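The values are calculated or read from the model by the stated rules, or taken from the named source; none is laboratory data. Values in this document were obtained by computation on a predicted structure and should not be read as measured data. Positions of Cβ are backbone-derived with ideal geometry, glycine not excepted, and every protein chain shown enters the neighbour counts. The accessibility values were calculated without ligands, DNA or RNA, using every heavy atom of the protein model including side chains. Shrake-Rupley method; radii C 1.70, N 1.55, O 1.52, S 1.80 Å.
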Amino acid sequence: MNKNKKIKDIEKKVQNCQKCSLYKTRKNVVFGSGNINSKIFFIGEGPGKKEDETGIPFCGRAGKILNKLLELMRLKREDVYITSVLKCRTPKNRKPKTKEVEKCSFYLEKQIEIINPEIIICLGKTAVDFIFKKFKIDKKEKMGKIRGKVINMGNKKIIPLYHPAYAIYKPQKFNIMKNDFIKLKEFL
Ligand code: URA
């Protein structure tokens with residue numbers, strides 16, 4: 001089965017997902033978008049209001065910031081693949097519960113397996129925790145310390161970065177975020 005078909009099959013499964021109670025309040029599942037042949041794979045936390053309304057990841061305020069950061073790397077959305085740990089919005093965008101992450105993990109695991117990216121960029125703590133657990137990376141540093149560090153795991157590079165939404169609450173961090181993205185250009 002080719003990559004495209006495999007991804008479509010998983011997407012079909014997630015559209016009907018009722019593994020946790022978030023299906024009751026979602027308007028749309030937000031599976032992921034972009035280039036399934038890209039070597040760069042971004043992971044956020046979970047859909048917000050706009051994403052829930054449209055089914056498109058990072059299309060709201062955080063998404064506009066992500067687009068700006070991508071431009072600094074001379075990349076367009078179509079050049080990368082973008083998804084999140086959770087595929088359904090949490091009520092009032094609260095932090096995902098451990099059980100929700102566990103139930104939803106099947107989909108992200110499959111996306112990583114099928115797309116098989118070289119570079120996994122974790123946007124924020126929820127994505128970092130997921131990927132560190134998956135790859136058994138035993139680092140306990142806070143985001144401020146670990147961001148921008150490149151962790152080599154076999155043939156993959158894991159790179160934790162601040163979540164783009166962080167710039168909404170802490171605009172003074174935007175310069176650090178921009179520099180982190182600019183530095184990534186050397187891996188492309
Ligand atoms: N934040 C995320 O983590 N993912 C989205 O898709 C949108 C906002």
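Observations on the model:
- Radius 11 Å from Cβ of GLU53, net charge of other residues (Lys, Arg +1; Asp, Glu -1): +3
- Counting every C-alpha pair in the chain, the share spaced more than 30 angstrom apart comes to 12%.
- FRET efficiency, 1/(1 + (r/R0)^6) with R0 41 Å, evaluated for ASN175 and LYS12 via beta carbons: 0.45
- DSSP finds beta bridges in the stretch 1-125, and of those with both partners inside it, around 20 percent are antiparallel.
- Shape category assigned to the stretch 1-48 from the gyration tensor of Cα positions, a/c cut at 1.5: oblate
- Reachable aspartates and glutamates from LYS5, criterion Cα separation under 17 angstrom, eight or more residues apart if same chain: GLU109, GLU113
- Nonpolar atom fraction for the chain, defined as the carbon and sulfur part of the 1.4 Å probe accessible area, stands at 50 percent.
- The chain - mean residue ellipticity at 222 nm from DSSP helices (-39,500 (n - 2.57) per run, n ≥ 4, rounded to 500): -12000 deg cm²/dmol
- Choice from LYS50, LYS173, LYS87 showing the highest fluctuation, given a GNM over the chain with Cα pairs closer than 10 Å: LYS173
- With protein chains left intact and a 1.4 Å probe, residues in the chain average 54 Å² of accessible area per residue.
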